[in-house]
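Asker: First the structure, which I've put down as structure tokens, then a few questions once you've had a look.
The values are calculated or read from the model by the stated rules, or taken from the named source; none is laboratory data. Remember, predicted model here, so these are calculated numbers, not experimental data. Ideal geometry is used to build each Cβ from the backbone, glycine not excepted, and the neighbour counts take in all protein chains shown.
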Amino acid sequence: MEQETLDLELFHKYSKNENDFYETETNPMSPNLFYQLSMIIGFNKINGSTYKNYIDIWTKKYEKKLIN
């Protein structure tokens, strides 16, 4: 399976609102936005080098919110 497809599956798995492409407590940023922001120096250091890494960081960051 292509990486783009895997990233979209992760987004759909965790996304409460698929029309919201920005990160919130209940919604991860979209893969397209993640890869656009990856061009900014230092972004991947904070948010993960891959979309899967980003989702892992995001779920830990908002873990309490996702449980409720």
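Asker: In the range 6-27, which residue that is of a type in the set (D, E, K, R) and exposed (fewer than 14 other Cβ atoms within 10 Å of the Cβ) is modelled with the highest pLDDT?
Answerer: Among residues in the range 6-27 that are of a type in the set (D, E, K, R) and exposed (fewer than 14 other Cβ atoms within 10 Å of the Cβ), the one modelled with the highest pLDDT is Glu9.
Asker: Can you work out which of the residues in the range 28-68 that are of a type in the set (S, T, N, Q) and not in a loop (DSSP other than H, G, I, E, B) is modelled with the lowest pLDDT?
Answerer: Restricting to residues being of a type in the set (S, T, N, Q) and not in a loop (DSSP other than H, G, I, E, B), the top hit is Thr59.
Asker: Next question, about the same structure. Please specify each residue of the range 28-49 satisfying the condition of being under 11 Å from the mean Cα position of the chain (by Cα), crowded, with 16+ Cβ neighbours inside 10 Å and without any contact (Cβ under 8 Å) to a residue 12 or more places away in the chain.
Answerer: Within the range 28-49, Gly48 is the sole residue that qualifies.
Asker: What about Glu23, is it under 25 Å from Glu2 (Cβ atoms) and within 9 Å of the chain's Cα centre (by Cα)?
Answerer: yes
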